[in-house]
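For reference, the structure discussed in these notes is given below.
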2 protein chains.
Amino acid sequence: MGLKGQFQNYLREQGLKSTRQRDIILDAFLEAGVHLSTEELYLKLRPYHPHIGYATVYRTLKLFAESGIAAERHFGDGQARYEANSEEEHHDHLICTDCGKIVEFENHRIEQLQEQVAREQGFCITRHRLDLYGLCPECQT
Amino acid sequence: MGLKGQFQNYLREQGLKSTRQRDIILDAFLEAGVHLSTEELYLKLRPYHPHIGYATVYRTLKLFAESGIAAERHFGDGQARYEANSEEEHHDHLICTDCGKIVEFENHRIEQLQEQVAREQGFCITRHRLDLYGLCPECQT
DNA sequence: CCCCTTTTGAAATCGATTTTCAATTTAATA
DNA sequence: TATTAAATTGAAAATCGATTTCAAAAGGGG
Ligand SMILES: [Mn+2]
Ligand SMILES: [Mn+2]
Ligand SMILES: [Zn+2]
Ligand SMILES: [Zn+2]
């Protein structure tokens, strides 16, 4: 079952409707594939679907996140960004503060240590965020 | 040299001026000592110094961050928060999503692994952010 | 098709942040 | 101490992304 099927299931379960706009936005979102902001997706769609409003893109991305097919991220540039949740593992990010490039990484050992830290403090962790900011290879003169 | 001296040096170096407001705000900021938002500090000051405007508190906290005596943090509640940079080690945070409690922690091994990840990707890290969200001991029923 | 519910799009609103601008203050210099 | 140029202040306005409002339109079960 792909992300599209997963989303359709979510709509059905919640008594929500499948609409032309949601289909179009989901296709564009999956095709874009990067860490996209609401505005970026809206602008990307506009040339082909000028009838789709910003509010609809905004609401639909929220819905993707609720349904679990996407995740909302905040990298400190002031806007929320979304990325598709493939069935792969969770990952964290390296962000270039110069050109904005975002590289994903996974590190199981770090995740384990986070769990350990939380346990020591008596916390029960539901999610975490690890962002590393610096210069990518190209931006180091 | 304490944080106050450090800030005075920064002002001098940058050709900025030492003012009554900056002194008052710095004292209040250092005294408060928690993860304070601009608004919280403004409200804390107001009873004693009703003549100090919100914009001044805002600008002064930014200045603290620029000078290096404070750090700006974002814990996802929509407002920036500031904390004094004691000469102690860097630390990260556990945040209770129920009551908002924030617990600080240090984990040298995690920091090392972050460096290693960055090195593998050719990045040169300047800062990072590790936030663990979940329920604190009190909020786990 | 009917009817009820959900969705849409444009515009308005929201809350935090940031800027504007005229008046005031600082601090270097005469 | 008086002069002066530059920086700062405070109130209000502007900005910015996110979110809501609301009337019109569309979905979909029966
Ligand atoms: Mn990612
Ligand atoms: Mn802290
Ligand atoms: Zn770069
Ligand atoms: Zn709690």
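The values are calculated or read from the model by the stated rules, or taken from the named source; none is laboratory data. Every value quoted in this text rests on a predicted model; they were computed, and no experiment measured them. Glycine gets a Cβ as well: all are built from the backbone with ideal geometry, and neighbour counts include every protein chain shown.
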- Item | Residue identified as touching a residue at least 12 places away in the same chain (Cβ under 8 Å) and either within 16 Å of ligand 3 (Cβ to nearest atom) or away from every other protein chain (no Cβ under 14 Å) (or both) among A:Ile110, A:Ile25 | A:Ile25
- Task: Residue by residue through region A:67-78, note down the ones that are more than 11 Å from the chain's Cα centre (by Cα) and at pLDDT 95 or above.
- Result: A:Ser67
- From the list B:Leu45, B:Leu61, which one is of a type outside the set (Asp, Glu), touching a Leu at 6+ places or on another chain (Cβ under 9 Å) and not assigned by TED's automatic domain parsing to the domain that holds B:Asp131? B:Leu61
- Query: Tell me, which residue of region B:72-98 that is within 10 Å of another protein chain (Cβ to nearest Cβ) and among the aliphatic types (A, V, I, L, M) is nearest to B:Leu36 (Cα to Cα)?
  - Reply: B:Ile95
- Can you tell me which residue among A:Leu61, A:Leu30, A:Leu11 is surrounded by 19 or more Cβ atoms within 10 Å (Cβ to Cβ) and either under 30 Å from B:Thr126 (Cα atoms) or not aromatic (Phe, Trp, Tyr) (or both)? A:Leu61
- Task: Could you pull out every one of the strands (runs of 3 or more DSSP E) wholly within region B:1-116 that has 2 or more residues that are closer than 30 Å to A:His108 by Cβ?
- Result: B:70-74, B:92-96, B:102-105
